[in-house]
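**Student:** Questions regarding the structure given below will be posed in turn.
Just so it is clear, none of the values below were taken in a lab; they were calculated from the coordinates. Every value quoted in this text rests on a predicted model; they were computed, and no experiment measured them. Here Cβ is always computed from backbone atoms with ideal geometry, including for glycine, and neighbour counts include all displayed protein chains.
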Amino acid sequence: MDAARLIDATRHALASAGAMEDIVTEAWQAQALAEAVGRHLAAHGPFEARAAARGLSEAGGRASGALCQSALRTGGLRAGRLTEVRDPWQVLTDLGELLGEVGIALVGVACTCEEDAVYWQCIEAMDAADETGDRVGGLLRRLALRERGGAA
């Protein structure tokens with residue numbers, strides 16, 4: 001399945017999530033998707049962007065321990081269905097936006113939760129989404145530099 005469709009599915013699931021646990025689960029789903037997109041671009045993307053794509057994969061993968069528990073509850077990882085990235089620029093742009101939405105949703109959960117464990121899980125997920133979003137931005141800059149270099 002194309003990464004753009006998986007991002008849309010994750011965005012829809014995040015918007016539909018009502019319970020705090022569901023929002024946290026979708027945050028980890030977004031992280032897994034970032035890992036999968038990064039891994040795919042590291043293997044199949046432009047040579048100049050492969051190191052940055054590996055960094056994105058690593059940043060997305062740092063959340064995998066917390067994600068496993070949530071994924072089992074929801075029926076698995078959407079990111080496991082990734083087969084292609086047709087338009088890397090658009091996919092990365094959409095992924096960056098999704099990670100921003102994840103951060104906003106997690107702030108809402110952290111501000112309203114009453115359990116320390118959920119609060120700290122949100123903080124961890126916000127940090128992960130922020131770092132991963134930074135990696136997406138770096139990869140987009142690499143692709144932009146590549147395009148400018150190719151046009152010169």
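**Student:** GNM on the chain, C-alpha springs below 10 Å: top fluctuator among ALA34, ALA117, ALA128?
**Tutor:** Top of the fluctuation ranking is ALA117.
**Student:** Ok, one more. Which whole-number percent gives the relative contact order of the chain, counting Cα pairs below 8 Å spaced six or more residues apart?
**Tutor:** Numbers: 204 pairs, mean separation 48.2, N = 152.
Relative contact order, the chain: 32 percent.
**Student:** Express in nm, to one decimal, how much length is gained between ARG62 and HIS12 on full extension, taking 0.36 nm for each residue of separation and deducting their alpha carbon distance.
**Tutor:** Computed gain between ARG62 and HIS12 is 15.7 nm.
**Student:** When the helix-only estimate is applied to the chain (DSSP H runs of n ≥ 4, each -39,500 (n - 2.57), divided by the residue count), what is the mean residue ellipticity at 222 nm, nearest 500 deg cm²/dmol?
**Tutor:** Taking each H run of at least 4 residues, the total per residue is -28000 deg cm²/dmol.
**Student:** While we're looking at this one, here's another question. Apply the Karplus parameterisation 6.51 cos²θ - 1.76 cosθ + 1.60, with θ equal to phi minus 60°, to every residue of the stretch 10-15 and state each ³J(HN,Hα) to the nearest whole Hz, in sequence, with x for glycine and proline.
**Tutor:** 5, 4, 5, 5, 5, 5
**Student:** Next question, about the same structure. Any chance you could give the angle, 0 to 90 degrees and rounded to 10, that helix 88-112 forms with the longest Cα principal axis of the chain?
**Tutor:** Between helix and principal axis, roughly 20 degrees.
**Student:** Could you work out the pair-distance distribution P(r) of the chain from its alpha-carbon pairs, with 5 angstrom bin width and percents rounded to whole numbers?
**Tutor:** 2, 11, 21, 23, 19, 12, 7, 4, 2, 1, 0, 0
**Student:** For the chain, take the longest principal axis of its alpha carbons; what is the angle in degrees between that and the long axis of helix 116-151, to the nearest 10 within 0 to 90?
**Tutor:** 10
**Student:** Going by alpha carbons, how many degrees (0 to 90, nearest 10) lie between the helix axis of 50-61 and the longest principal axis of the chain?
**Tutor:** With both axes taken from Cα atoms, the answer is about 10 degrees.
**Student:** I'd like to compare 100-108, 137-145: which one has the highest average count of other Cβ atoms within 10 Å, and what's the full order after that?
**Tutor:** 100-108, 137-145
**Student:** Multiply the residue gap between LEU145 and GLU97 by 0.36 nm, knock off their C-alpha separation, and tell me the result in nm, one decimal place.
**Tutor:** Gain in length upon complete extension: 15.2 nm.
**Student:** If Lys and Arg each add +1 and Asp and Glu each add -1, what is the summed charge of the other residues whose beta carbon sits under 13 Å from the beta carbon of ALA42?
**Tutor:** +2
**Student:** Another question about this same structure. Can you tell me the length gained on complete extension of the stretch ARG86 to VAL107, counting 0.36 nm per residue apart and subtracting the Cα distance?
**Tutor:** Working: separation 21, 0.36 × 21 = 7.56 nm, distance 3.19 nm.
That pair, ARG86 and VAL107, stretches by 4.4 nm at full extension.
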